[in-house]
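What follows draws every value from the coordinates through simple rules; no lab data is involved. Remember, it's a predicted structure, so these values are computed and weren't measured experimentally. All Cβ positions, glycine included, derive from the backbone under ideal geometry; neighbour counts span all protein chains shown.
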Amino acid sequence: MTTDQRAATVTTPTDRTIHIEREFDAPRDRVYAVYTDPELIPAWWGPRGTTVTVEAMDVRVGGRWRFAVVAGDGSATGFQGAYREIVPGERIVQTFEWDGMPGYVSVETATFIDLGDRTRVVTESLFFTTEERDGMLQSGMEGGLQETYERLDEVLARGA
């Protein structure tokens with residue numbers, strides 16, 4: 001499959017949600033493991049040219065996470081949240097807050113669907129208002145997401 005064929009689909013099925021689907025060439029347990037390993041997050045999370053530091057990542061119900069991101073031009077931002085539900089290998093529900101939109105917290109559900117030697121990751125982000133959802137869409141999140149998933153492909157291909 002080419003990268004274009006693997007591009008994530010991003011839709012807005014309701015006025016408060018962003019729905020994302022993407023398939024990966026790795027078994028579900030491996031994709032989930034890479035998603036939840038703080039040692040591997042810097043290798044794939046965020047667009048190319050960024051440096052990510054995992055400041056916190058306690059993958060359990062009630063645990064918190066925070067990633068600091070520095071772009072190639074030196075600008076910095078962060079992302080944070082708390083885990084609400086963990087079903088190992090299958091599902092992660094967490095809050096998501098970007099420093100660029102402080103106080104605007106979405107709830108993100110990532111579901112890992114077993115396709116044998118492949119995995120479909122389905123992410124649904126629920127925002128408090130349509131304006132918050134639209135602000136996230138206008139932030140450039142889709143471009144960053146596509147690059148992030150390309151980098152995740154590379155990590156998975158290395159056998160991580």
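Listing for the model above:
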item: Rounded if a/c under 1.5, otherwise prolate or oblate - the stretch 108-150, Cα gyration tensor axes; result: oblate
item: Loop-resident sites, the stretch 51-160, for trypsin sites (Lys or Arg not before Pro), counting at most 13 other Cβ within 10 Å (DSSP); result: R60, R158
item: Ellipticity estimate at 222 nm from DSSP helix runs (n ≥ 4, -39,500 (n - 2.57)) divided over the chain, nearest 500; result: -7000 deg cm²/dmol
item: Derived scalar couplings ³J(HN,Hα) [the stretch 14-28; Karplus, 6.51 cos²θ - 1.76 cosθ + 1.60; whole Hz; x for Gly, Pro]; result: 9, 6, 10, 10, 10, 10, 10, 10, 7, 9, 10, 7, 7, x, 3
item: Distance from the stretch 23-43 to the stretch 61-118 (C-alpha centre basis), Å; result: 13
item: For the stretch 63-160: relative contact order, % (alpha-carbon pairs under 8 angstrom, 6 or more apart); result: 14
item: The stretch 14-52: trypsin sites (Lys or Arg not before Pro) in DSSP loop, at most 14 other beta carbons within 10 Å; result: R48
item: Whole-Hz couplings from phi, Karplus 6.51/-1.76/1.60, listed for the stretch 76-88; x for Gly and Pro; result: 10, 8, x, 9, 8, x, 9, 7, 9, 8, 10, 10, x
item: FRET E, pair T111, R158, Förster distance 30 Å, beta-carbon r, rounded to 0.05; result: 0.75
item: Amide hydrogen neighbours beyond the local backbone of G100, cut-off 5 Å, H modeled; result: G78
item: D58 versus R84: modelled label distance in nm, points set 7 Å from Cα along the beta carbon direction; result: 1.9
item: Spread of Cα-to-Cα distances over 5 Å intervals beginning at zero, given as percent, for the stretch 9-157; result: 2, 9, 18, 24, 24, 16, 6, 1, 0
item: Length-normalised contact order for the stretch 40-100 - Cα pairs under 8 Å, 6+ apart - percent; result: 24
item: Linear extension gain, V10 paired with A43, 0.36 nm per residue minus alpha-carbon span; result: 9.6 nm
item: Calculated FRET value between T130 and A71, using beta carbons and R₀ = 45 Å, to 0.05; result: 0.95
item: Rounded to whole Hz, the Karplus (6.51, -1.76, 1.60) HN-Hα couplings of the stretch 128-145, x for glycine and proline; result: 5, 9, 4, 4, 5, 4, 5, x, 5, 4, 6, 6, x, 4, 5, x, x, 4
